[in-house]
Amino acid sequence: MHASIVESIRPAGMTRRQFIKSVIATGAVSSSGLLFSGPAGAGPKASPGAVERLITLDVNGQRRRVDVLPQETLAQTLRHKLGLTGLKVGCDRGECGACTVLVDAVPQYACSLLTQSVRGKAILTVEGLARPDGKLHPLQQGVLDEQGFQCGYCAPGFLMATLGFLVTNPHPTRQELAHGVSGNLCRCQDYDKILTGLMRGAEYMRKE
């Protein structure tokens with residue numbers, strides 16, 4: 001670090017060596033400068049209105065504490081922080097539906113939703129569908145019985161979108177269900193088999 005820069009931003013009462021050590025220890029370097037206002041080794045103070053990073057999320061019926069950046073998407077948090085890799089990321093811009101999860105029973109694209117915005121809401125991912133005894137959810141069993149997917153990458157998104165749709169319409173026609181999951185794309189383009197499997201799963205759900 002150039003001596004003139006250090007001297008221009010070093011807090012009064014702190015030696016140059018202490019200041020440089022505190023920079024290395026905290027990594028608190030930003031594009032606008034170095035943010036320190038305490039003794040050597042002290043971290044930057046939270047600015048007024050700063051977003052709390054350590055938050056609690058309700059995921060698949062469990063309370064999970066996680067460190068979340070203000071700009072972090074729900075897809076990033078679920079996959080990389082909580083290890084719920086059943087959620088897939090395809091386009092990462094809200095177009096393919098691979099990352100669909102339920103938030104308070106409503107299908108949402110996790111890649112386009114900030115994690116900070118879902119605090120206090122119930123989040124359900126594909127990992128939360130299976131029964132406590134390990135038995136598959138009726139939708140999962142339906143697509144399995146009908147061999148509804150080829151590569152299966154889009155399957156979690158379709159399952160979650162379908163479950164959310166069935167909350168509002170538990171007895172859909174094939175055409176209605178096709179419209180209900182139209183926000184989800186399949187790169188294999190095997191939509192006919194997918195719909196057959198989802199319709200079978202909806203039938204299984206009605207029999208429970």
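The values are calculated or read from the model by the stated rules, or taken from the named source; none is laboratory data. Everything quoted here is computed from the prediction, not taken from an experiment. Cβ sites come from the backbone with ideal geometry, for glycine too, and all protein chains shown count toward neighbours. Surface accessibility is based on the protein's heavy atoms, side chains included, excluding ligands, DNA and RNA. Shrake-Rupley method; radii C 1.70, N 1.55, O 1.52, S 1.80 Å.
Surface composition of the range 130-208: carbon and sulfur atoms hold 53% of the protein heavy-atom accessible area at a 1.4 Å probe.
Count Lys and Arg as plus one, Asp and Glu as minus one, and take only other residues whose Cβ is under 14 Å from that of L185; the net charge is then 0. Pairs over the 26 Å Cα-Cα cut-off, from the set K88/K207; K81/K207; K121/K207; K88/K121; K81/K193: K88/K207; K81/K207; K121/K207; K81/K193.
In order along the range 167-181, the Karplus-derived 3J(HN,Hα) couplings, from 6.51 cos²θ - 1.76 cosθ + 1.60 at θ = phi - 60°, round to 4, 8, 9, x, 10, x, 7, 4, 5, 5, 5, 4, 5, x, 10 Hz, and Gly and Pro are given as x. Measuring with a 1.4 angstrom probe and ignoring ligands and nucleic acids, V167 comes out at about 90 Å² accessible.
For the range 103-115, the Karplus equation 6.51 cos²θ - 1.76 cosθ + 1.60, evaluated at θ = phi - 60°, returns couplings of 10, 6, 6, 10, x, 9, 7, 5, 6, 10, 10, 6, 4 Hz by residue, with Gly and Pro reported as x. A convex hull fitted to the Cα coordinates of the range 54-189 yields 108 cubic angstrom per residue. Amide H to amide H, with H built 1.01 Å from N, G90 comes under 5 Å of A98, C99, counting only residues 5 or more places away or on other chains.
The residues of the range 119-208 present an accessible area of 54 Å² per residue when probed at 1.4 Å with all protein chains retained.
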